[in-house]
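Asker: Okay, handing you the structure first.
The values are calculated or read from the model by the stated rules, or taken from the named source; none is laboratory data. Keep in mind it's a predicted model, so treat the numbers as computed, not measured. Neighbour counts are summed over all protein chains in view; Cβ atoms, including those assigned to glycine, are modelled from backbone coordinates with ideal geometry.
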Amino acid sequence: MVEPVSRTRIDASPTKEFFIFMLTKDISLIRAIADLVDNSVDGARRLRLNRQYDGLSIRIEIDKAHFIIADNCGGISVDLARKYAFRFGRAEGMPDMPYSIGQFGVGMKRSLFKLGNVFSIESQTENSRFVVTQNVLEWAKDKSNWDFHFSDIDDNWQLPAGQESGTKITVTELHQTVSDEFRLENFQTRLISEIEAAHQSSLDKGLAITLNGIPLKHRPAELLLSSNLKPAHKELSISVEDNQVKVKIFAGLSKSEPSKAGWHIFCNGRLILEADKTQTTGWGDGNPQFHNRYARFRGYAYFDSDVAKFLPWNTTKSDVDYSSSVFRSVRLEMITLMRPILEFLKKVESEKENKDEKEDPTPLELFINDAKPEIIERFEYNQPQIFIAPARLKGKDKPQMGRISYAKPLKEIEKIKKILNVDTYKEVGEKTFEYYFDLECEE
Amino acid sequence: MSGSYERINYALRPAKCIERKMLCEAFRRLSDFRLVESYRYVGFGSPYFSDFNLFHKELNICAMNSIEHDTENTERFLFNRPFKCIEINFGESNEILPQLPWGDICTLTWLDYDGALNNSVLEDIKHITANSAPGSLIIISVNAHPYQYKELPTERLDTLREYVGVEKVPANVAPGDLNSWGLAKISRRIVQNEIDETLTDRNAIRPSGQKILYRQLFNFHYSDGAKMLTVGGILYDEGQLPKLESCAFGSLPFIKNNEEPYLIEVPNLTLREIRQLNAQLPTANLEELDAPGVPKRDIERYAQVYRYFPTFTEADI
């Protein structure tokens with residue numbers, strides 16, 4: 001007879017295959033690498049609470065056989081590695097790291113599994129050092145034992161003078177598709193571009209990141225500013241379970257580029273949504289759907305918190321967690337702030353449609369052209385600011401105008417020109433119109 | 001829309017003419033691969049059809065498609081078609097290439113564009129790379145003259161990004177890399193990257209041992225006024241490697257497998273000087289070549305290209 005316990009038992013335990021083969025499907029190769037960069041950036045954040053990262057660097061190297069990421073950003077202590085860093089899922093009791101980017105406890109392992117079959121992590125801090133080397137397929141064979149093992153460990157040492165604390169991760173036996181991508185210069189270009197975008201605020205604060213020796217550049221967010229064109233701005237502080245999520249929103253105009261238009265959302269300095277034009281950020285919900293006439297629109301929302309789990313991001317850091325109450329309330333603010341900007345851009349468009357000469361900029365376009373791009377962090381706002389732009393000029397009091405154009409035999413036009421004593425066809429048209437109007441329409 | 005054919009007679013551009021003959025000589029080597037006359041040729045014939053003329057006469061290629069984007073003067077192009085076997089496909093290359101059958105037809109595709117490398121050219125490259133049968137050649141000619149700029153030469157990098165797309169410009173290209181022959185070098189790299197990336201996708205489901213590979217054969221720099229780049233090579237199946245090696249492309253001096261270009265330089269010589277030099281060629285000892293008063297440099301240049309050298313004379317026809 002079967003024992004009662006096992007008769008009622010349903011096996012719901014996780015399998016290693018789930019982590020190795022399934023979880024990795026949810027993340028792109030580039031995002032997986034960006035996740036490892038996040039870990040290094042977190043190290044920099046722990047090391048420099050003032051957020052000035054000069055002297056700190058992250059070196060990434062990829063080729064068809066290797067992936068390496070090495071930093072001098074403080075390293076992982078033996079204690080942290082032993083108890084928390086390799087756990088699948090964030091373990092209870094793990095100390096909060098202020099303003100950290102990694103918080104789900106899946107990033108590093110998922111990235112390592114995504115890349116290849118053998119990984120090695122070497123880390124040294126001020127007073128401990130270790131090496132973990134693991135063959136993933138070997139590890140997967142033992143269904144019940146989930147442990148990794150230190151291949152070298154010293155938790156009672158002193159960082160030698162002249163050496164820097166830091167972590168180096170090496171992945172070998174890359175998966176075939178990964179190796180194929182790593183060979184491509186176009187892949188490297190895309191990787192650089194995505195990491196530049198994702199970590200622009202850290203790069204801005206002096207963190208040096210290189211890929212195969214190429215230094216990454218920061219591309220600060222800019223909005224157009226002039227005496228009569230002012231971007232919208234709002235700061236909020238939202239309480240969640242005795243913690244604060246600080247939010248800064250900027251919205252305004254920039255160069256007309258459809259691919260860059262939309263909302264950009266950052267969590268603890270990490271870009272998670274780039275140039276979004278969907279309902280997520282309020283398009284088509286209280287605002288019109290995106291259209292190329294709004295290609296000048298740019299919005300930036302920065303969420304910052306000591307406690308990373310309160311930030312509205314998903315685990316791949318590639319989208320917002322739409323169900324987050326913090327995000328829902330900020331989204332309403334975003335909708336409100338973008339509204340006048342879209343209205344203004346609508347006016348610019350209609351002015352363009354009605355103007356006489358297609359080539360000349362319209363009065364509103366002239367105003368936009370006069371404004372200069374300014375890095376948003378340099379805006380000096382002490383209070384909320386709604387978008388300010390010049391109203392449509394003159395046109396307000398002027399009656400609505402329409403255009404008439406038609407062709408007539410030259411001979412006849414020349415005849416009228418002579419009689420009216422005018423020089424241009426335009427005048428011929430206007431005078432003959434006025435003549436008819438005076439005779440037939442005046443009351 | 002009018003083309004550059006209205007301004008320039010292609011047959012009269014000496015460097016282009018030399019390049020065409022060099023390509024023809026390289027095509028001939030393909031016979032170890034398969035019968036050259038069984039290849040199809042796809043190109044931009046313009047109304048002069050110089051390339052079609054040469055390849056039909058010299059190689060007996062009979063399946064020929066000329067893509068012509070000037071759809072307003074179809075009559076003129078049809079009238080100028082030199083041989084019956086040339087089919088003219090009117091439309092943009094973006095539009096015509098996907099309409100042509102590819103399958104297992106080995107094709108020599110030489111797209112000799114008027115303008116600089118841009119997105120639309122890259123689309124064509126992707127299509128050809130994704131669809132050409134193993135054993136096919138893909139050759140691209142683009143204008144690679146440094147871009148005009150308004151105020152600062154650094155604007156050239158923005159222009160390049162605008163033309164090919166930000167994501168195609170390698171991250172370590174600096175604004176200063178785009179002067180002189182710089183744009184030609186970067187253009188070659190971007191073409192190579194496009195081919196590499198397309199092949200990676202194409203090979204994703206092919207078993208190992210049957211991957212399609214690309215070997216660059218041509219990297220011409222030349223100038224009949226504006227600086228031009230011609231880059232291209234062969235798409236082959238891994239299993240065809242022995243055949244490729246037996247073509248011995250490497251023994252042709254103008255074949256280039258890497259970023260080092262082959263510069264076609266055309267000296268200005270009189271007919272008498274040409275005859276005088278020809279009588280001494282070929283020779284292993286360039287030092288001994290002599291034509292009265294002709295600079296040494298020009299003689300050396302001539303010796304490199306003499307077999308392909310065009311002579312233009314006025315003819316009363």
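Asker: Can you find a residue that is assigned to a loop (DSSP other than H, G, I, E, B) and over 19 Å from B:V266 (Cα atoms) anywhere in segment B:16-32?
Answerer: no
Asker: If you don't mind, another one. Could you figure out which of (1) in a loop (DSSP other than H, G, I, E, B); (2) closer than 17 Å to B:T107 by Cα isn't true of B:T71?
Answerer: Condition (2) is where B:T71 drops out.
Asker: Let me ask something else about it. Output the qualifying pairs, or none if there are none: Cβ atoms under 9 angstrom, residues six or more apart or on different chains, first residue in segment A:180-199 and under 19 Å from B:A204 (Cα atoms), second residue aromatic (F, W, Y) and outside any helix (DSSP H, G or I).
Answerer: Filtered contacts from segment A:180-199: A:F182/A:F67.
Asker: Being touching a helix residue (DSSP H, G or I) at 6+ places or on another chain (Cβ under 6 Å), of a type outside the set (D, E) and not in a loop (DSSP other than H, G, I, E, B) is the requirement here; does B:L229 meet it?
Answerer: Yes, satisfied.
Asker: Taking only segment B:188-233 into account, find how many residues are within 20 Å of B:L23 (Cα to Cα), within 14 Å of chain A (Cβ to nearest Cβ) and hydroxyl-bearing (S, T, Y).
Answerer: Total satisfying the criteria: 1.
Asker: Filter segment A:185-221 down to the residues that are in a loop (DSSP other than H, G, I, E, B) and under 17 Å from A:R31 (Cα atoms), then identify the one that is nearest to the other protein chains (Cβ to nearest Cβ).
Answerer: The extreme case among them is A:L216.
Asker: Has segment A:4-14 got any residue that is in contact (Cβ under 8 Å) with a residue 12 or more places away in the chain and of a type outside the set (S, T, N, Q)?
Answerer: The answer is yes; a qualifying residue exists.
Asker: Shifting gears a bit: Is at least one residue of segment B:173-184 surrounded by 18 or more Cβ atoms within 10 Å (Cβ to Cβ), free of Cβ contacts under 8 Å to residues at least 60 places away in the same chain, within 14 Å of chain A (Cβ to nearest Cβ) and within 29 Å of A:K255 (Cβ to Cβ)?
Answerer: yes
Asker: Are any residues in segment B:152-168 crowded, with 20+ Cβ neighbours inside 10 Å and either closer than 18 Å to B:E260 by Cα or within 14 Å of chain A (Cβ to nearest Cβ) (or both), and if so, which ones?
Answerer: Within segment B:152-168, B:L160, B:V164, B:K168 meet the criteria.
Asker: Something else now. Here are some residues: A:A91, A:A81, A:A70, A:A65. Which one is at pLDDT 80 or above and over 30 Å from A:G162 (Cβ atoms)?
Answerer: When all the criteria are applied, what remains is A:A65.
Asker: Looking for something on the phi < 0 side of the Ramachandran plot, assigned to a loop (DSSP other than H, G, I, E, B) and more than 13 Å from every other protein chain (Cβ to nearest Cβ) - is there at least one such residue anywhere in segment A:242-253?
Answerer: no
Asker: While we're looking at this one, here's another question. Check every one of the strands (runs of 3 or more DSSP E) wholly within segment A:109-164 and list those with 2 or more residues that are farther than 21 Å from A:V178 by Cα and under 37 Å from the mean Cα position of the chain (by Cα).
Answerer: So the answer is A:116-124, A:129-135.
Asker: Is it fair to say A:A161 is at negative phi, touching a residue at least 24 places away in the same chain (Cβ under 8 Å) and away from every other protein chain (no Cβ under 14 Å)?
Answerer: no
Asker: Being of a type in the set (G, A, S) and either farther than 18 Å from A:L184 by Cα or without any contact (Cβ under 8 Å) to a residue 12 or more places away in the chain (or both) is the filter here, so list the residues in segment A:35-69 that pass it.
Answerer: A:S40, A:G43, A:A44, A:G55, A:S57
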